[in-house]
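Written below as structure tokens is the structure these notes are about.
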Amino acid sequence: MLRTALTGAIARSRMTVTPVARRAPFALSNRFYSTGHEDESFESFTERYVKFFDGVDDLFELQRGLNNCFAYDLVPAPSVIESALKASRRVNDYATAVRIFEGVKEKVENEGQYKQYLDELAPIREELGIQTKEELNL
């Protein structure tokens with residue numbers, strides 16, 4: 001008798017559980033591949049990253065921002081580079097400042113464009129005391 005009462009209780013408890021709707025764990029309709037920047041103009045991109053680097057106060061945040069900025073299929077504007085250089089000196093990381101120029105050199109199409117960036121950023125480089133890898137003979 002105890003056995004039949006227990007079996008009945010288990011059966012009733014199973015019947016009261018409502019089944020969860022099943023769906024594919026990675027349904028395509030639920031994926032979000034971008035954060036809404038796919039239609040962003042170059043000017044708004046520049047403004048967004050200048051503002052971001054102006055607010056950076058630690059090394060991790062700076063490096064994360066640089067990785068994101070350089071991941072796009074474009075060369076950041078000199079104002080973005082200037083803001084990133086100031087941020088690298090603000091967080092006291094000279095090596096990251098040098099690496100910023102390495103990133104620019106990799107992104108431009110030719111040595112002439114790299115030279116133009118260096119010429120444009122010469123005043124800020126002198127103000128902050130930043131040299132390129134080539135100038136440091138590394």
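The values are calculated or read from the model by the stated rules, or taken from the named source; none is laboratory data. Since we're looking at a predicted model, the values are computed, not measured. Reconstructed Cβ throughout: ideal geometry from the backbone, glycine too, with neighbour counts over all protein chains shown. Please note that ligands, DNA and RNA were not included when accessible areas were found on the heavy atoms of the full protein model with its side chains. Shrake-Rupley method; radii C 1.70, N 1.55, O 1.52, S 1.80 Å.
Annotations
- Per residue, the accessible area of the range 35-126 comes to 59 Å² when a 1.4 Å probe rolls over the protein heavy atoms.
- Solvent-accessible area of F42, all protein chains in place: 90 Å² (probe radius 1.4 Å, heavy atoms, ligands and nucleic acids excluded).
- The range 45-134: trypsin sites (Lys or Arg not before Pro) in DSSP coil with no more than 16 other Cβ atoms inside 10 Å: K133
- Positive-end extreme of charge dipole, the range 42-136 - chosen from Y117, V50, N68 (charges on Cβ): N68
- Here the relative contact order of the range 42-136, from alpha carbon pairs under 8 Å that lie six or more residues apart, stands at 28 percent.
- FRET efficiency for the pair L118 and F42, taken as 1/(1 + (r/R0)^6) with r the Cβ-Cβ distance and R0 = 22 Å, rounds to 0.60.
- Put a dot 7 Å past the Cα of E102, heading toward its Cβ, do the same for D54, and the two dots end up 2.9 nm apart.
- Whole-percent carbon and sulfur share, accessible surface of the range 42-136, 1.4 Å: 47 percent
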